[in-house]
Amino acid sequence: MKRVVNMAPGLGVRSHAANARRAVRALSAHNSSSSSAFDPTRRMPDEQFDFMRRVISAPSPIGLEASMTQGVIAPYFEAFGARELGWTEHKFVGNAGTVWDTDAAAAAAEPEGEGGGKKLTVMIVGHADKIRMQVRSVGSDGKIWINSDSFLPLTLLGNTVEIFSEDPAALGSYRRFPATVEALGAIHFAPPEARSGKKGIAPQELYLELGLSGDKRQEQVEEGMGVKAGDTVLMDRPITRCFGEGAFSGAYLDNGLGCFVAAEVARAVAEKVQQGQPTLLDGVRCLFAFASHEEIGRFGSRVLAQELRPDVLIAVDVNHDYDTAPDKGKERYQPLQMGAGMTMCVGAVASEQLNAQIETAAQRLGVPVQRDVRGRDTGTDGMAGVLAAVDCAATSVGFPIRNMHTTSELAHTGDVLGCIGALVGWLEETAAAKVTAADFKAGHPRLDFAVAGPDNNTSSGAAGTSN
């Protein structure tokens with residue numbers, strides 16, 4: 001396999017490792033002076049925000065996720081001492097997903113009775129892949145025609161992007177080139193219906209502008225740059241803090257944020273063990289997973305679930321801020337709001353008892369939880385277990401964002417930090433209670449045990465009785 005050239009902007013392997021070590025040192029010092037109670041107004045430390053930016057900015061499109069999993073995540077785990085703690089990194093043949101396992105030896109342990117003796121195995125998974133545009137063809141004038149994939153074409157115009165193409169002289173090595181996305185060019189050339197706003201932009205009208213001049217521009221692109229059909233095109237918009245308190249904006253919050261949360265939960269667990277709480281991992285085996293191919297069908301996470309067979313699977317992914325959605329009154333959207341707390345999937349395959357446990361842990365910490373109503377599908381890697389025919393209690397948690405699948409996605413650090421805190425708190429409570437897979441098997445809620453609710457006709461509010 002030939003070397004892949006510098007797939008992260010301006011950062012080599014040593015730079016990633018150095019940045020990871022600095023972030024871990026700064027965050028460890030910050031956490032040691034912070035209380036455990038959740039404060040939604042607390043500013044995310046700059047070092048933590050910088051790590052979040054590096055995770056989200058990693059050029060990790062569908063099928064090429066190693067820039068995140070190996071270029072950013074792996075150095076971070078090594079920096080906070082995962083290997084020294086005996087954690088194992090699982091890699092895979094067919095995809096660049098990775099899983100950091102706190103106790104790989106537990107998988108070989110023989111169960112005592114019906115699911116009772118083995119450690120509870122918990123997988124917390126974010127997906128490292130991001131949507132991308134791809135080259136369709138190159139015109140004689142040097143225009144590179146692209147598809148819009150899962151982007152709304154209108155939102156792409158004028159944005160800076162990068163093209164990643166293989167070096168023709170060294171296939172398997174990549175080069176990057178800057179460009180902008182265009183369609184109609186100057187307003188003077190646009191048809192009247194486009195100028196008036198009555199007509200939008202069709203995906204087939206999108207092309208990349210490189211600023212080439214002179215003759216043989218097609219040859220410059222195809223032969224000089226090595227650009228060919230299928231090459232990846234990614235947005236170039238790192239996250240920045242916004243004017244609104246706690247808000248931040250940029251491209252690819254979906255789903256670098258989920259991977260950031262999984263990594264931060266892992267760091268928190270490692271620090272607690274290093275600071276004298278070894279019992280946290282005595283009763284729970286954690287699988288911190290960073291999956292591939294979510295955007296095209298959750299194909300990566302179902303492989304991870306099939307290979308490692310967790311008892312519990314928690315996906316971490318972005319959600320919509322329905323409060324700012326167009327026609328929200330007409331559609332009767334659920335009232336999810338950015339800045340109002342983490343979200344939790346209700347419905348689809350989500351486990352009610354797992355949800356109750358996580359929400360209870362969140363309440364104890366003061367973390368607000370918003371309920372995300374789903375139908376037949378969570379829409380996230382929370383489906384990985386059932387898609388892989390693995391028996392596990394599953395759910396999906398996350399945070400509302402605005403402008404999903406645009407270059408200006410918006411989220412709130414309070415929602416993100418709350419989600420991290422709730423998951424760490426749940427892991428601590430689960431380990432302390434020595435919860436096992438057998439407990440989940442015996443703990444499915446029974447609606448036939450439901451009691452009558454309060455009688456509205458009584459002023460005392462005492463429980464009513466049925467006739």
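Out of the range 255-277, which residues are open to solvent by 10 Å² or more (accessible area, probe 1.4 Å) and under 24 Å from residue 62 (Cβ atoms)? Passing the criteria: none in range.
If the condition is being assigned to a loop (DSSP other than H, G, I, E, B) and either open to solvent by 60 Å² or more (accessible area, probe 1.4 Å) or under 16 Å from residue 156 (Cα atoms) (or both), then the range 186-196 contributes only 186.
Among all positions in the range 332-347, there is at least one residue which is out of contact with any strand residue (DSSP E or B) (no Cβ under 9 Å at 6 or more places or on another chain) and more than 30 Å from residue 273 (Cβ to Cβ).
Residues that are closer than 15 Å to residue 373 by Cβ, outside any helix (DSSP H, G or I) and open to solvent by less than 40 Å² (accessible area, probe 1.4 Å) within the range 322-341 comprise 325, 334, 336, listed in sequence order. May I ask you to say which residue of 287, 280, 313 is open to solvent by less than 60 Å² (accessible area, probe 1.4 Å), in contact (Cβ under 8 Å) with a residue 12 or more places away in the chain, under 16 Å from residue 265 (Cβ atoms) and in a helix (DSSP H, G or I)? Only one candidate passes the filter, namely 280. Considering the range 203-228, and only residues there that are among the aliphatic types (A, V, I, L, M) and open to solvent by 30 Å² or more (accessible area, probe 1.4 Å), the residue that is farthest from residue 146 (Cα to Cα) turns out to be 212. Within the range 279-313, the set of residues being hydroxyl-bearing (Ser, Thr, Tyr) and over 19 Å from residue 428 (Cβ atoms) comprises 292, 301. Of everything in the range 347-370, what is part of a loop (DSSP other than H, G, I, E, B) and under 23 Å from residue 412 (Cβ atoms)? Give them in sequence order. Listed by number, the residues that qualify are 366, 367, 368. For residue 348, the conditions (1) touching a residue at least 24 places away in the same chain (Cβ under 8 Å); (2) within 28 Å of residue 80 (Cβ to Cβ); (3) small (Gly, Ala, Ser) all hold with the exception of (2). Exactly one residue among 373, 386 is open to solvent by 20 Å² or more (accessible area, probe 1.4 Å), touching a strand residue (DSSP E or B) at 6+ places or on another chain (Cβ under 6 Å) and either modelled with pLDDT of 95 or more or not in a helix (DSSP H, G or I) (or both), and that residue is 373. Look at the range 32-49: where a residue is assigned to a loop (DSSP other than H, G, I, E, B) and open to solvent by less than 80 Å² (accessible area, probe 1.4 Å) and a partner is modelled with pLDDT under 90 and not charged (D, E, K, R), sitting 6+ places away or on another chain with Cβ atoms under 8 Å, you get 45/26; 45/27; 45/30. Among the residues of the range 290-310, those that are open to solvent by less than 10 Å² (accessible area, probe 1.4 Å), within 23 Å of residue 78 (Cα to Cα) and not small (Gly, Ala, Ser) comprise 290, 304.
Note on the range 243-298: residues that are among the polar types (S, T, N, Q) and touching a Leu at 6+ places or on another chain (Cβ under 8 Å) amount to 2.
Could you tell me which of the residues 427, 423, 417 is under 26 Å from residue 273 (Cβ atoms), open to solvent by 10 Å² or more (accessible area, probe 1.4 Å) and assigned to a helix (DSSP H, G or I)? Before the answer, list the steps.
Numbers: 427 fails: open to solvent by 10 Å² or more (accessible area, probe 1.4 Å); 423 fails: open to solvent by 10 Å² or more (accessible area, probe 1.4 Å).
On inspection, the qualifying residue turns out to be 417.
On the stretch given as the range 22-71, residues that are at pLDDT below 95, under 30 Å from residue 234 (Cβ atoms) and of a type in the set (A, V, I, L, M) total 4. Filtered by the rule that a residue be among the hydrophobic types (A, V, I, L, M, F, W, C) and under 12 Å from residue 201 (Cβ atoms), the range 169-185 gives 181, 183, 184. When the residues of the range 97-139 are narrowed to those that are open to solvent by 30 Å² or more (accessible area, probe 1.4 Å) and under 30 Å from residue 235 (Cβ atoms), which ends up modelled with the lowest pLDDT? This residue is 132.
All of 284, 233, 273, 318 fail the test of being over 30 Å from residue 136 (Cα atoms) and either basic (Lys, Arg) or modelled with pLDDT of 95 or more (or both), apart from 284.
The values are calculated or read from the model by the stated rules, or taken from the named source; none is laboratory data. As the structure is a computational prediction, the values presented were derived from the model and not from experiment. Backbone-built Cβ (ideal geometry, glycine too); neighbour counts: all protein chains shown. In case anyone asks, the SASA skips ligands and DNA or RNA and just uses the protein heavy atoms, side chains included. Shrake-Rupley method; radii C 1.70, N 1.55, O 1.52, S 1.80 Å.
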